[in-house]
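Read the structure below first, then the notes.
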Amino acid sequence: MDPKVFSSPVKFETGIGQFRIVATVQEAARFLDHNWPIAEGEAYDGARQACLDALEGEVPAEIAREAFMEACDEAGMYVMQ
């Protein structure tokens, strides 16, 4: 499976002083499925769908990247720009 690399990695805070870097659609999808801090949310659902669509080649990786950053914001995780 092609990991679909982001134009620039997304660095976000998962806890106080703890950061994670996600550089591909595949990494974002895995984080959403296995490590997400909240169980639901509109941006979360959109990010999951955008990642699936990007992995299938239906949308560019950047659409998934933007959706993932919106989901991070919704979950209260600070995203470093």
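Values quoted throughout were computed directly from the atomic coordinates according to the rules given, and no laboratory measurement underlies them. The structure presented is a predicted model; accordingly, all values stated were derived computationally and were not measured. As a convention, Cβ positions derive from the backbone with ideal geometry for all residues, glycine included, and neighbour counts pool all protein chains shown.
Annotations
- A full extension of the chain between residue 23 and residue 35 corresponds to an added length of 2.7 nm, given 0.36 nm per residue minus the alpha carbon distance.
- Working note: Karplus 6.51/-1.76/1.60 with θ = phi - 60° gives the range 75-81 the couplings 7, x, 9, 6, 9, 7, 9 Hz, where Gly and Pro are set to x.
- Inter-probe distance in nm under a simple model that places probes 7 Å from Cα toward Cβ, at residue 13 and residue 49: 3.1 nm
- Qualifying GluC sites (Glu not before Pro) in the chain, where qualification requires a DSSP coil assignment and no more than 15 other C-beta atoms within 10 Å, comprise 40, 56, 58.
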